[in-house]
1. Only one of these is part of a helix (DSSP H, G or I) and surrounded by fewer than 21 Cβ atoms within 10 Å (Cβ to Cβ): 292, 259. Name it.
2. Tally up the residues in region 77-120 that are touching a strand residue (DSSP E or B) at 6+ places or on another chain (Cβ under 9 Å) and closer than 25 Å to residue 161 by Cα, please.
3. Going by what's in this entry, would residue 355 be described as without any contact (Cβ under 8 Å) to a residue 60 or more places away in the chain and either farther than 23 Å from residue 115 by Cα or not assigned by TED's automatic domain parsing to the domain that holds residue 309 (or both)?
4. What tally of residues in region 191-216 results from selecting those that are part of a loop (DSSP other than H, G, I, E, B) and surrounded by 21 or more Cβ atoms within 10 Å (Cβ to Cβ)?
5. Can you find even one residue in region 124-133 that is at pLDDT 95 or above, surrounded by 18 or more Cβ atoms within 10 Å (Cβ to Cβ) and under 13 Å from residue 203 (Cβ atoms)?
6. Assess whether residue 313 counts as being in contact (Cβ under 8 Å) with a residue 12 or more places away in the chain and more than 21 Å from the chain's Cα centre (by Cα).
7. Can you confirm whether residue 235 is under 21 Å from residue 9 (Cβ atoms), modelled with pLDDT of 95 or more and out of contact with any strand residue (DSSP E or B) (no Cβ under 7 Å at 6 or more places or on another chain)?
8. Just one of the numbered conditions (1) part of a strand (DSSP E or B); (2) farther than 30 Å from residue 370 by Cβ is not true of residue 232; which one?
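The values are calculated or read from the model by the stated rules, or taken from the named source; none is laboratory data. Every value quoted in this text rests on a predicted model; they were computed, and no experiment measured them. Note that we place each Cβ from the backbone using ideal geometry, even for glycine, and neighbour counts take in every protein chain shown.
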């Protein structure tokens, strides 16, 4: 049991009359037992927005787990710390954004009204998704545009691809630019030699519920330098995070952090079971194919299906056998693993997938199409101006070529935009947009 959970249990056992929020008053006739520890900021339980006691100790312990200078707890998922980091960095100047960044990064740009440039990740033969960011490309942009003071990338990607953040960080440091890494899908990085290390960056955001045993909607922001002001980060966390943070969620964060500190080998069983699962999928699949990416997170099982079966159809076959996957696309599926997986669960998954594979024909081929645009972002109107405009209209998508978008179109999961406000709509982009209507700026304006 962790310190916060112990303290919450002790408080509940005292049967104190709760003349404070929340309104359920821990009445078991109204709420389940797990909400017995659902309290507000009362005496002895600290304040997440001004931590000075038990929550300050939690953040210090979290920082020590991943070797950071400071940590900030989020109960608004990774979205709140991403928004906070981008807005805190805005005062530094122009930003360089990877095109495959999560929608929350783009929302941060919109809110902060930051000037930005865009860099695309790389392609890898035979894969239907982007891979890592080329450090040489980052260096080249920084050399050609000294006004860029912050770089924002995603590593690992939704498919588990890891960028060389050490090389990128070195280039950023050389040019006095800060590096923010959205490592939402890498909460387990740095905890086991089988997994990649935590990114080199000034700020790293980990969504600890994705692969560790924290409740959904919990995350950590790790600060490794003073290049982006921690005071400003905390200020913007006040802006973007609930002023009534859940002690149930914070207790879950505390449990994870204390378990990691108390048992450094806690991820070993997961890693061992995963190694065997990957070995089996790599050797036993004859038609489907386990994606082979040069530098990637082994916890993500990306199964290529192109030329054999549509990914959605494969997901349906798995669902009928009692397996629910993380995501399915036309030419691949993603099966996520996590610390709660066991040799039994991963063996069962491998058994079912290989059994389905035996009933298929053909071999996963390389006729893949990307789900996202490969070109740059051509803005006819500033992002924040287009997003906040009321001078808009809705049109069928096939009538929008040459118009300027007034809204986001993004693929979820994983929340990567295909189109952002202010962007000129081209035929290439429309081919990636679902059928339906788009919100565009009215043509009465001059762009």
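1. 259
2. Residues that pass the stated criteria total 28.
3. Yes: the conditions hold for residue 355.
4. Number satisfying all stated conditions: 14.
5. The answer is no, given that none of the residues of region 124-133 is at pLDDT 95 or above, surrounded by 18 or more Cβ atoms within 10 Å (Cβ to Cβ) and under 13 Å from residue 203 (Cβ atoms).
6. In short, no.
7. Against the criterion (under 21 Å from residue 9 (Cβ atoms), modelled with pLDDT of 95 or more and out of contact with any strand residue (DSSP E or B) (no Cβ under 7 Å at 6 or more places or on another chain)), residue 235 does not qualify.
8. It is condition (1) that residue 232 fails.
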